[in-house]
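Engineer: What follows is a structure written as structure tokens; I'll ask about it next.
The numbers here are math on the coordinates, done by the rules we state, and not lab data. Small disclaimer: the values here were computed from a predicted structure and weren't measured. Cβ placement follows ideal geometry from the backbone for every residue including glycine, while neighbour counts extend to all protein chains displayed.
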Amino acid sequence: MDKGHGDQGGSNPSAPPPPHAPPPYEDFGQGQFGAEMKPPNHEVFDPVPPTMGFVDPPPAGAMPMPPEPEATPIVILDPPPPPYSECVLNVDCPTSEEEVKAAMLNFYKGDCCFDPKTVDGFFIHEITQMHAFRYVLDTFIETRTLEEMTEPYRNQQIDGPQNGPSPDKWAVFVNPPQEFVTKAKSVMDLPRSANVIPCNKCHSTGFTACNSCNGMGFSRCTWCSGSGRRDKTGAPGEYENCSSCNGMGRNNCTWCQLGRIQCRTCSGHRFLKVWQSLTIRWKTEGKVHETQRGELKPKHLKKAKCGEMLSSTKSTPQNPQPLNCSLDRNILTASTQLIGEQLQKQNMNSRVLQFRQSIGVIPVVKVIYQFKNKEGHFYVFGNTRLVYFPGGYPGGCACCCCSIM
Ligand SMILES: [Zn+2]
Ligand SMILES: [Zn+2]
Ligand SMILES: [Zn+2]
């Protein structure tokens, strides 16, 4: 802002009135906004509104600071033991021939190629439990972006440098509406970022040249082609004044006055308020890992519903604490890798606020069977007891497009 604008007062007709200084932030009290201060425009997809206020500067440690390259290594210092007792794996899975056959009948029912009678031909030799685990990493992420805004200056409140320097976008204290909210957004003005500047579009005159008449204020009369006279009706060779332009040869422009129209940028106010608008977005990203069990690959396991939840913990990006599970050593590797990937994605506009990790049990049994003198195996897995025959269902029908084969 030109320093002269604030103190020229009414003496200089080209200067705007001095901006009204808002009360200092301390006067706003706990989380209260000044009467003229626009409340932030929240667009929240969860019902709980964010709490916000300004803290200048924010107390150290009260909020995560912008990501620093060297500040976010993953340090695994003896991962804590899993917070559950491995002995008490309470998994609901089929344990008898009857239960296995019931799972097959239920899984294939409705499939036109499936003949329920074939189930009777199965002899079940062995049922072995080999449960799988689903590791889920939820990453709660906040992004902050600034956008320059302008509007005509109409003597509105100007929260600008006269109140102190504008804070860094990450130093504005705004709480998310809810931890691990799926999606939420909040828009507010960046404190002390406003200024009043002359309108460039109209050179601070409030008017621009009319496009219709090129700023002339009139246009050539189309009725008489600008001559001001027309052939007299019924008297060839004689002329009379053009009735459209009264003999002037031109008409006043209907779009403007004297060739000028009001400036659309400043709406004729000659000055603009410019400020930084701060948009804060929250989202939760989910990453899943399942370790292969026999021929059951992650693509099979991901269709299964979990049974019991073994563990759910929250941690900060400063101390993410990858999860360890003694029943599935791959989980620690996956956890470390997924957390690392999420931390890598942080940048000046985006940071991780919190991690939430959980491990769920996917019940899996491997069933060794004999069918028509041939031995084989299949799996019953998931809380809803899905069935997977690695080599296709042996008792299926002979149609060419059998979907259960
Ligand atoms: Zn015009
Ligand atoms: Zn005319
Ligand atoms: Zn203007």
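Engineer: L301: net charge of surrounding residues, Cβ under 13 Å, Lys/Arg +1, Asp/Glu -1, itself excluded? Mind showing how you got there, number by number?
Structural biologist: Values: positive: R134, R293, K297, K299, K302, K303, K305; negative: E290, E295, D328.
Here the count lands on +4.
Engineer: Lysine pairs in region 296-373 8 or more apart or on different chains: how many have alpha carbons under 21 angstrom apart?
Structural biologist: 7
Engineer: Still on this structure: Please report the net charge: other residues with Cβ closer than 11 Å to the Cβ of D231, K and R +1, D and E -1.
Structural biologist: +1
Engineer: Please name which of S96, I127, P198 has its Cα lying farthest along the dipole of region 83-206 towards the positive end, using unit charges on Cβ (Lys, Arg +1; Asp, Glu -1) and the Cα centre as origin.
Structural biologist: Farthest along the dipole direction, towards plus: P198.
Engineer: Now a separate question. With a cut-off of at most 16 other beta carbons within 10 Å, and DSSP calling the residue loop, which chymotrypsin sites (Phe, Trp or Tyr not before Pro) in region 216-316 qualify? Please list them.
Structural biologist: W223, W255
Engineer: To continue, here is another question. Taking the Cβ of each residue in R270, R220, R154 as the centre, tally the other Cβ atoms inside 10 Å and list the residues starting with the fewest.
Structural biologist: R154, R220, R270
Engineer: Given the peptides 367-380, 105-118, arrange them by the average over their residues of other C-beta atoms within 10 Å, most packed first.
Structural biologist: Order by mean packing, descending: 367-380, 105-118.
Engineer: Give the order of R229, R329, R351 when sorted by the count of other beta carbons within 10 angstrom, beginning with the fewest. Intermediate values should be presented prior to the final figure.
Structural biologist: Numbers: R229 14, R329 10, R351 20.
Ordered from fewest to most neighbouring Cβ atoms within 10 Å, R229, R329, R351 come out as R329, R229, R351.
Engineer: Cut-off is 10 Å between beta-carbons; in what order do K302, K273 appear when sorted fewest neighbours first?
Structural biologist: Fewest to most other Cβ atoms nearby, the residues stand as K302, K273.
Engineer: From the square roots a ≥ b ≥ c of the eigenvalues of the alpha-carbon gyration tensor of region 159-208, which class results: rounded (a/c under 1.5), prolate (a/b over b/c), or oblate? Present the calculation step by step, with values, prior to reporting the outcome.
Structural biologist: On the way: a/c = 5.48, a/b = 2.08, b/c = 2.64.
In terms of gyration-tensor shape, oblate.
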